[in-house]
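Asker: This is the structure I want to talk about, given as structure tokens.
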Amino acid sequence: MHYYIDIFIKKLIELGSEKQIGTIEQAILEIKITLDYHNDLLDKHQEEDLTIDNFKESLLGIK
């Protein structure tokens, strides 16, 4: 649990300094949007054979 909290706090600090997130609620929403985006990409390529292109898109969000 301690490790999870450390990661969460580091992410809050990162979002607060880079994107000017003002509240914890905004940071959580930003994290949720990013997570949803990555999950959608993983779902999109679920039935495909792994290639360098769909690997980059699915894990890194790079086309």
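Asker: On full extension of the chain, what length is gained from I13 through N54, given 0.36 nm per residue of separation minus the C-alpha to C-alpha distance?
Answerer: On the way: separation 41, 0.36 × 41 = 14.76 nm, distance 3.10 nm.
Gain on extension, I13 to N54, equals 11.7 nm.
Asker: Using only Cα atoms, find the angle between the long axis of helix 24-44 and the longest principal axis of the chain, and express it within 0 to 90 degrees, rounded to the nearest 10.
Answerer: Orientation of helix 24-44: about 10 degrees from the principal axis.
Asker: Based on the Cα gyration tensor of the chain, what are the three equivalent ellipsoid semi-axes, each the root of five times an eigenvalue, rounded to whole Å and given largest first?
Answerer: Numbers: eigenvalues 159, 33, 22 Å².
Computed over the chain, the values are 28, 13, 10 Å.
Asker: Assign unit charges at the C-beta atoms only (+1 for Lys and Arg, -1 for Asp and Glu), then state the dipole size of the chain relative to its Cα centre in Debye, rounded to the nearest 20.
Answerer: On the way: 7 positive and 13 negative charges, 66 e Å.
For this selection, approximately 320 debye.
Asker: Lys/Arg Cβ at +1, Asp/Glu Cβ at -1, dipole of the chain taken about the Cα centre: which of Y37, I52, G16 is farthest positive-ward?
Answerer: Selected residue: G16.
Asker: Rounded to the nearest 500, what is the chain's calculated 222 nm mean residue ellipticity when only DSSP H runs of at least 4 contribute -39500 (n - 2.57) each, over all residues?
Answerer: On the way: 3 runs with 42 residues, N = 63.
Estimated from H runs of four or more residues: -21500 deg cm²/dmol.
Asker: Another question, then. Enter the angle in degrees (range 0 to 90, nearest 10) between the Cα long axis of helix 2-18 and the first principal axis of the Cα atoms of the chain, meaning the one along which they spread out most.
Answerer: Value to nearest ten degrees: 90.
Asker: Same structure, new question: Using a 1.4 Å probe, what is the accessible area per residue for the chain, in Å²?
Answerer: On the way: 5410 Å² over 63 residues.
Each residue of the chain exposes 86 Å² on average to a 1.4 Å probe.
The values are calculated or read from the model by the stated rules, or taken from the named source; none is laboratory data. All figures in this text were calculated on a predicted structure; none of them were measured in a lab. Reconstructed Cβ throughout: ideal geometry from the backbone, glycine too, with neighbour counts over all protein chains shown. The area values use the complete protein model at the heavy-atom level, side chains included, leaving out ligands, DNA and RNA. Shrake-Rupley method; radii C 1.70, N 1.55, O 1.52, S 1.80 Å.
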